[in-house]
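Peer 1: This is the structure I want to talk about, given as structure tokens.
The values are calculated or read from the model by the stated rules, or taken from the named source; none is laboratory data. Because the structure is a prediction, the values reported are computed rather than measured. Neighbour counts are summed over all protein chains in view; Cβ atoms, including those assigned to glycine, are modelled from backbone coordinates with ideal geometry.
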Amino acid sequence: MPAADQNIKLFRYQIIPRVLVFALRSDAVLLIKLLPRNGVATGWTGCYNGPGGHIERGEDVFSAARRELWEETGLKAEPALCGTVIVDTGPSVGIGLFIFRADNLSGDLLASAEGIPEWIPFHALTDALLVEDVSIFLERIRNMKPGDPPFSARSFYDADDRLTVVFGS
């Protein structure tokens, strides 16, 4: 269907597409310790998150996941889609998050402007300073069995400013 027939209206809720990649080994997950952006600390500076970022114009979600993994860690893999999440950030624009798992990595682990990649043992995750939703999505991915369909979820902050993630059925 051509763009003119897509019925795009600026007043409708829109999403910004992003990817998040969890590279896994049997005993650990590869996370990025986030650095200040352009020399400016954010609320997430010093926290751990999976490699990821925005999907560029003309890029599909798998290409974006491969690119972000390589740019932020120096590693290559063929990612597998594990889930999609609508991150509700307000009345007009949200985030469409495509979450991947990456196994069988190749390359040399390198830091980037985004942060410092580190293998965090699963048993140490409770002591690590994680971006708020990382443990929720990581637990879901680790419990997935081969052949399970990707999950879907909605993420938002409730009236008490607590993160809520609701998984679809």
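Peer 1: Exactly one condition in (1) of a type in the set (F, W, Y); (2) in contact with a helix residue (DSSP H, G or I) (Cβ under 9 Å, 6 or more places away or on another chain); (3) within 29 Å of K9 (Cα to Cα) is not met by F62; state its number.
Peer 2: (2)
Peer 1: Still on this model: Would you confirm, using the coordinates I've provided, whether A28 is within 16 Å of A111 (Cα to Cα) and either crowded, with 20+ Cβ neighbours inside 10 Å or aliphatic (A, V, I, L, M) (or both)?
Peer 2: no
The rows are residues; the columns are (1) surrounded by 16 or more Cβ atoms within 10 Å (Cβ to Cβ); (2) assigned to a helix (DSSP H, G or I).
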site: S63; (1), (2): no, yes
site: E68; (1), (2): yes, yes
site: G83; (1), (2): yes, no
site: I86; (1), (2): yes, no
site: G90; (1), (2): no, no
site: G96; (1), (2): yes, no
site: R101; (1), (2): yes, no
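Peer 1: Just to be sure, is E59 touching a residue at least 12 places away in the same chain (Cβ under 8 Å) and of a type in the set (D, E, K, R)?
Peer 2: For E59, the condition - touching a residue at least 12 places away in the same chain (Cβ under 8 Å) and of a type in the set (D, E, K, R) - is not met.
Peer 1: Please work out which residue is nearest to Y13 (Cα to Cα), limiting yourself to region 70-81 and to residues that are part of a loop (DSSP other than H, G, I, E, B) and not small (G, A, S).
Peer 2: P79
Peer 1: Looking only at residues in region 103-144 that are assigned to a strand (DSSP E or B) and not aliphatic (A, V, I, L, M), which one is nearest to T45 (Cα to Cα)?
Peer 2: G115
Peer 1: From the list P51, P117, pick out the single residue that is more than 30 Å from A159 (Cα to Cα), touching a Ser or Thr at 6+ places or on another chain (Cβ under 7 Å) and either hydrophobic (A, V, I, L, M, F, W, C) or at pLDDT 95 or above (or both).
Peer 2: Within the list P51, P117, the selection yields P117.
Peer 1: Give the residues of region 1-32 that are part of a loop (DSSP other than H, G, I, E, B), farther than 15 Å from K76 by Cα and touching a strand residue (DSSP E or B) at 6+ places or on another chain (Cβ under 8 Å), sorted by residue number.
Peer 2: Result: Y13, D27.
Peer 1: Quick check, is A159 surrounded by 13 or more Cβ atoms within 10 Å (Cβ to Cβ) and either farther than 17 Å from Y48 by Cα or more than 15 Å from the chain's Cα centre (by Cα) (or both)?
Peer 2: In short, no.
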